[in-house]
Each structure stands twice: as C-alpha cells, then as structure tokens.
Amino acid sequence: MADQVDVAIIGGGPAGLTAATYLRRFLRSCVVIDAGNSRARYIPESHNCPGFPQGVSGRELLAKMRAQAGTFDADIVEARVERIEATGDGFRLSAGDRHWDARNVILATGLADRLPDVPWCEDAIACGALRLCAVCDAYEARDQHIGIHGPADGLVGHARFLRAYSPQVTLLPSDRDLADEDAAQAQELGVRALPAGGTLEFDGERCHYRAADGSDEVFDTVYPYLGYEGHGDLLTGVGLDANEGDLRVDPHQQTRVPGLYAIGDIVSGLNQISVAFGQAAVAATHVHNNLPLLPRD
Ligand SMILES: Cc1cc2nc3c(=O)[nH]c(=O)nc-3n(C[C@H](O)[C@H](O)[C@H](O)COP(=O)(O)OP(=O)(O)OC[C@H]3O[C@@H](n4cnc5c(N)ncnc54)[C@H](O)[C@@H]3O)c2cc1C
C-alpha cells in the first residue's frame, strides 16, 4: 500500500521545509521525506540569512523551519528515498518497504560536500578552521591567513574571489603543482602557491599544511574545494541525472519531466539559503496553481 499525497518533497533542508510550509498553507496534502543530512547542519553561525541580524546556527535554523512547517501540520518522515518512478498520473516514491504516490514531486535533496578524509573535519568546521562556502562566510575571514585546498585546476579562480578579503591567500594544491599559466596568474594576484603533496592537519584550533619536505605552515582558515558527492541513481527511473548539482529547470523550477520540480542546492549555481527559500516559494506556488481546484465547503 502506498500513501497518497498531492505533493511529495524529497529533502528537509531549507528548500524542502520552505516548500512544505507554502504547500500546507495552500491547503495541499504533502509529505517531506528527509534523510537528515542537510548541508545547513554544518553552519556554525550564518550571518547572511535574512531575518537574523545576530546570526543563526544551521541547526537552529533547521529546527525553527521544521517547527514552522509543523505549525501547518506538514508530515515530515525520516527516510531516504531510493527510487522515483513515473506512474502516468504522477510518481511513485520508494524508501525500503514504504511507498508514496504523489501527483507532483519536489526534489530538494541538496548536495553533500566532499570533505577531506580526516577524522577531525567536523570539529574544524565548527570552529571556523575549515570553511566550506566563501560566498557565505569569507566576510568573517577577512584579513586572516587563508589557505585554499583542492585540485590545482580550479584554485586560481577561488583565489580571485578570496583575495578581495585578505592580503594573505595561499594555494594548497591537492593533486599536482599549479600549471605555469595558473602560477603566473596567482603571482599577479599576489597569491602564493605551496607545492602539492602535503597533508592537512588540525591542532584543535587551526589547520596546518605539512609539506612533503616536513615544513609546516599554519592557517587561520582553510577552504577545501573538493567537489560534491552524487545522488546515485535516485532519478534514473525518470530519466534524469542529478549527480552534478546542476539540474536544469524552467522559470517555475520544473524539470523537463512534467510534474517533477527541483529546488535549492541541487539546482542552483549559487548554493545559498536565500536562493533555496525563493526557489521553494516559486515551485510550491506553481504546483498549487496546476493542481485541480479544491472548492471549500
Ligand atoms: C559549512 C557551511 C556553511 C554555510 N553557510 C551558509 C551561510 O552562511 N549562508 C547561506 O545562505 N548558505 C550557507 N551554506 C549553504 C547552505 O547550507 C545550503 O545552500 C542549503 O543548506 C541548501 O539547502 P537545500 O535544502 O537545497 O539542501 P540541504 O540543506 O542540503 O538539504 C537537503 C536534504 O535532503 C536530504 N536528502 C538527500 N537525498 C535524499 C533522499 N534520497 N531521500 C530523502 N532525503 C534526502 C538530505 O539528507 C538533506 O537533509 C553553508 C553550507 C555549509 C556546508
């Protein structure tokens, strides 16, 4: 037996929870199915989330958003959706032996950062020794000694952004030394590059880069740019591939599969909470307007 709903929302981060609040206030039945790994849970304190002048931690924001969706009786289920299939008049979602039949699906599954493979990662993020989003928090790192860690190919582009915040920016390539052209651009920007092959370490407060020759350099903060984990074959049943976080959508957030919408980090090039909020409002309103009218008695 499958539960029947107007809309199934996959993912209970800022995007999915906002969509649930809108849809319940449109008096539509919906379920949020959430695996519980929102990127937002890593945010020690956000200072660019509208409405929180003193800042807000990701966990507090998620708790408030769940409470808000709960105010309107949103059904939030802890589970990981493994498969979505088109059924002709909607979609069937499966998570283990649970199933939901929905007229529409809103995909709000976000992205999972690929992190350095070290046991101290979460502790370093919590104290700002590691930062994952320069748009979000480079402001807090201004004038600090900033390291940028990741494949040599993309590092200079990240340095260009971060150089506006600090005179001390150092590249820490994870795979090979910078190509000559990149090294020249780094020099032009006034950015140093250390030789590849070192390891990142954490002393409880700050990250160090220990080079292959044994030398050790300390950073106030390090931005790792290691890409994102994919979503496996979640969408192969509907002919889409969501692994790169760049699902294409129309101005209503609808994918090329009618009735299947996508919002938040899984779509946007700008992975921000405020973008997730806006996309959720647009998708939920379009879904509502396209469902049959439910005249009120
Ligand atoms: C350290 C850090 C700091 C940040 N700071 C800021 C900031 O200051 N300001 C800002 O605007 N943004 C910030 N961000 C970015 C922000 O967290 C994301 O843009 C935001 O969380 C995206 O929301 P989302 O709902 O699209 O995805 P997420 O918040 O990632 O939520 C997606 C949810 O979907 C669930 N899910 C995935 N697959 C499935 C499945 N198959 N079945 C069921 N559930 C599934 C996940 O478990 C997760 O709970 C930061 C991110 C990080 C990592």
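A short reminder: the numbers here are calculations on the coordinates, not readings from a lab. Quick caveat, the model's predicted, so the values are computed rather than measured. Note that we place each Cβ from the backbone using ideal geometry, even for glycine, and neighbour counts take in every protein chain shown.
Taking 0.36 nm per residue of sequence separation and subtracting the Cα-Cα distance, how much length would be gained by fully extending the chain between D216 and R160, in nm to one decimal?
17.7 nm
Note down the nm distance, to one decimal, between modelled labels 7 Å out along Cα→Cβ at E60 and at D101.
Going from the E60 label point to the D101 one covers 4.5 nm.
How do I106, I146, I125, I9 rank when sorted from fewest to most other Cβ atoms within 10 Å of their own Cβ?
Ranking I106, I146, I125, I9 by Cβ neighbours within 10 Å, fewest first, gives I125, I146, I106, I9.
Take every Cα pair under 8 Å in the range 115-224 that's 6+ residues apart, average their separations, divide by the length, and report that relative contact order as a whole percent.
About 31 percent, as a whole number.
Place a point 7 Å from Cα of Y139 in the direction of its Cβ. Which residues in the range 55-78 have their backbone N less than 13 Å from it?
Taking a point 7 Å out along Cα→Cβ of Y139, the residues of the range 55-78 whose backbone N falls under 13 Å are 55-56.
Report, as a whole number in µm² per second, the diffusion coefficient that Stokes-Einstein gives for the range 115-224 at 37 °C and 0.692 mPa s using the Kirkwood radius over alpha carbon pairs.
Estimated via Stokes-Einstein, D reaches 239 µm²/s.
Considering the chain as a Gaussian network with a 10 Å cut-off on Cα pairs, which listed residue, D216, D117, D175, attains the greatest mean-square fluctuation?
D117
Please flag any cysteine in the chain that has no other cysteine's Cβ under 4.7 angstrom from its own Cβ.
By the Cβ distance rule, which asks for a partner under 4.7 Å, the isolated cysteines are C30, C49, C121, C127, C207.
Just report the Cα centroid separation between the range 172-211 and the range 113-142, whole Å.
A separation of 16 Å, based on Cα centres.
What whole-number distance in Å separates the alpha-carbon centres of the range 7-80 and the range 218-297?
14 Å
Arrange L240, L130 by Cβ neighbour counts within 10 Å, fewest through most, would you?
Ordered by Cβ neighbours within 10 Å, fewest first: L240, L130.
For the peptides 260-271, 32-43, 58-69, what is the packing order when you average, over each peptide's residues, the other Cβ atoms within 10 Å and list the highest mean first?
260-271, 32-43, 58-69
Around A2, with a cut-off of 12 angstrom between Cβ atoms, what is the net charge of the other residues, counting Lys and Arg +1 and Asp and Glu -1?
Counting the neighbours of A2, the net charge comes to -2.
Which ³J(HN,Hα) values in Hz, rounded to whole numbers, follow from the phi angles of the range 107-122 under the Karplus curve 6.51 cos²θ - 1.76 cosθ + 1.60, where θ = phi - 60° and Gly and Pro get x?
Taking θ as phi minus 60°, the curve returns 8, 9, 7, x, 9, 10, 4, 7, 9, x, 7, 9, x, 8, 4, 5 Hz for the range 107-122.
Using the Kirkwood formula over every pair of different C-alpha atoms, what hydrodynamic radius in Å results for the chain?
It works out to 20.6 Å.
Determine the relative contact order of the chain: mean sequence separation of Cα pairs under 8 Å and six or more apart, normalised by residue count, in whole percent.
20 percent
Which residues' amide hydrogens lie under 5 Å from the amide hydrogen of D177, considering only partners 5 or more residues apart or on another chain, with H built in the peptide plane?
Here the answer is A196, since their amide H atoms fall under 5 Å of that of D177.
Would you calculate a helix-derived [θ] at 222 nm for the chain, using -39,500 (n - 2.57) for each DSSP H run of n ≥ 4 and dividing by the full residue count, to the nearest 500?
That comes out to -7000 deg cm²/dmol.
Just to be sure I understand the model, the point goes 7 Å from the Cα along the line to the Cβ. What's the resulting A126 to T285 distance in nm?
Each label point lies 7 Å from its Cα, and together they span 4.0 nm.
Once phi is turned into ³J(HN,Hα) by the Karplus curve 6.51 cos²θ - 1.76 cosθ + 1.60 with θ = phi - 60°, what whole-Hz value does each residue of the range 158-163 show in order, with x for glycine and proline?
Per residue, the Karplus-derived 3J(HN,Hα) values read 5, 5, 4, 5, 6, 5 Hz.
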